[in-house]
C-alpha cells in the first residue's frame, strides 16, 4: 500500500482527495494537515465522511510528515508548496502539487502572473506537468508533479488534437469557460456569497486570469511554437463543473465528421477523455463526480471556424481525480484505480 499524506486537506479539493484515497485499493491515508482545523476529527469538518474517515487533522510538521509517507499531495494556495517540494526531494519521496507552484517551466512566468517569488527554481527542471494524456511517460519517472489547473485541463484537452495537427491559425484562438463556485475555494469572500452568485453569471479577470499562461505554455509545446490566445472565465451559479467553448480559424476546409475522426484517433486509448458521438454535446451534469472530460468538435463551414466544447468536474478531473490518476501512473497501478466511476446524476 502506498502511504499518503495530504497537506491542505480541508479545502474542497483536499476533501475530494481524502474521499478518493480512502476508497483506493492500493493507497492508505496516513496524515491530514490543515491550518484552520488542527486537532479536529476530519469528519467534523466534513460530516459527509462521518464513519468513513477517522483521522484527526494535524498541524503541519513537514519533515515528520514526509518521513511517514511515500507520496505527498499539496492542496494549497500558490506559494506554499515550494518548501514541500524541497523536503520531498531531500527525503527521496514523491510530490503531487494541486497548486500552481510547479506547473511552469519558466519561473519568470510564474512570478509575473502570481506575483510571488519562486524559491524552488532549482526543482523546476525535474518537475513534470501532470496532464496524463500528453505526458504519461514522463509522469512515470517524475518525483514532482505540477497537477494542471481546472480551466487549463478543459481547454488543453479540448484543443490538443487540432493544435498537434497544426489545423488552427494560432492567432485566432479564443477560449470561453464557465465554472462552478467551488473553483473559488472554501474560504469565504463577498464574491462567492449565495446572494452574489445565485441567479447570476459574470465574467471576471478578462485578459488577466492566471491560468492563461499555463494554457499557452502547454498548447505552445504541442504546437511547436509560441501561441497567444484570449481566455475569459465566468462564474456560474452551480456548485461544480467547467464548460469550455473554444473557437479558432481552420487552416484548411474540414467537415465535422473528419474533425471527429481526428479526435477519436487522438484519444482512442485514453480512459478518461470521451469524444462524444454526433448529436451529443458536453454538459457539466454528465461529468459531475467523475474523472471524465467530455469533448465535442464541430465545424462551422460558414465562417471557416471550428468550435470545440469540453466539460469536466473542476474538483475531480480538474484537481483531485487527476492527481490520483498521476499517482496511479507513478506507481504502476491501473490508471483508473480509485477514480473509475461515471459520477452522479442528476
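A short reminder: the numbers here are calculations on the coordinates, not readings from a lab. All figures in this text were calculated on a predicted structure; none of them were measured in a lab. Here the Cβ is made from the backbone with ideal geometry for all residues, glycine too, and neighbour counts use every protein chain on show.
The residues 244, 143, when put in order of fewest to most other Cβ atoms within 10 Å, stand as 143, 244.
Starting with the fewest neighbours, write out 246, 238 ranked by other beta-carbon atoms found within 10 Å of each beta-carbon.
Values: 246 24, 238 17.
Placing the least packed residue first, the sequence is 238, 246.
For a test of the definition: using alpha carbon positions, the gyration tensor, and the 1.5 limit on a/c, classify region 151-313 as rounded, prolate or oblate. Since a/c reaches 1.5 and a/b is larger than b/c, the shape of region 151-313 is classed as prolate.
Take 260, 186 and order them by how many other Cβ atoms sit within 10 Å, fewest up front. Before the final figure, lay out the partial values.
Details: 260 19, 186 14.
Placing the least packed residue first, the sequence is 186, 260.
Taking the DSSP bridge list for region 1-132 and keeping only pairs wholly inside it, about 5 percent are antiparallel.
With an 8 Å cut-off on Cα pairs and a minimum separation of 6 or more residues, tell me the relative contact order of region 151-313 in percent.
Working: 327 pairs, mean separation 48.3, N = 163.
After rounding, I find 30 percent.
How much of the DSSP bridge set in region 151-313 is antiparallel, in percent, rounded to the nearest 5?
Details: 24 of 33 bridges.
Within region 151-313, antiparallel bridges account for around 75 percent of the total.
Based on the mean of other beta carbon atoms within 10 Å per residue, what is the order of 150-159, 212-221, most packed first? Can you show the working numbers first?
Details: 150-159: 28.5, 212-221: 21.9.
Those peptides, ordered most packed to least, come out 150-159, 212-221.
Of the DSSP beta bridges with both residues in the chain, give the percent that are antiparallel, rounding to the nearest 5.
Working: 25 of 55 bridges.
DSSP beta bridges in the chain are roughly 45 percent antiparallel.
Which FRET efficiency value, to the nearest 0.05, do you get for residue 44 and residue 23 by plugging their Cβ-Cβ distance into 1/(1 + (r/R0)^6) with R0 = 25 Å?
Working: r = 20 Å, r/R0 = 0.81.
According to the calculation, E is roughly 0.80.
Seen against the Cα atoms of the chain and their longest principal axis, helix 82-91 is set at about 60 degrees. Subtracting the Cα-Cα distance of residue 261 and residue 166 from 0.36 nm times their residue separation leaves 32.6 nm of extension gain. Relative to one another, the C-alpha centroids of region 223-297 and region 113-140 are positioned 24 Å apart. Each Cα pair under 8 Å and six or more residues apart adds its separation to the average, and for region 28-185 the resulting relative contact order is 16 percent.
With a ≥ b ≥ c the root eigenvalues of the C-alpha gyration tensor of region 108-205, is it rounded (a/c under 1.5), prolate (a/b larger than b/c) or oblate?
On the way: a/c = 2.02, a/b = 1.31, b/c = 1.54.
Oblate.
As a length-normalised measure over Cα pairs under 8 Å and 6 or more apart, the relative contact order of the chain settles at 17 percent.
How many angstrom lie between the C-alpha centres of region 82-106 and region 1-60? Taking the Cα centre of each part, region 82-106 and region 1-60 sit 20 Å apart.
Rounded to the nearest 500, what is the 222 nm mean residue ellipticity of the chain from helices alone, with -39500 (n - 2.57) per DSSP H run of 4+ residues and division by all residues?
Working: 11 runs with 102 residues, N = 346.
Computed mean residue ellipticity for the chain: -8500 deg cm²/dmol.
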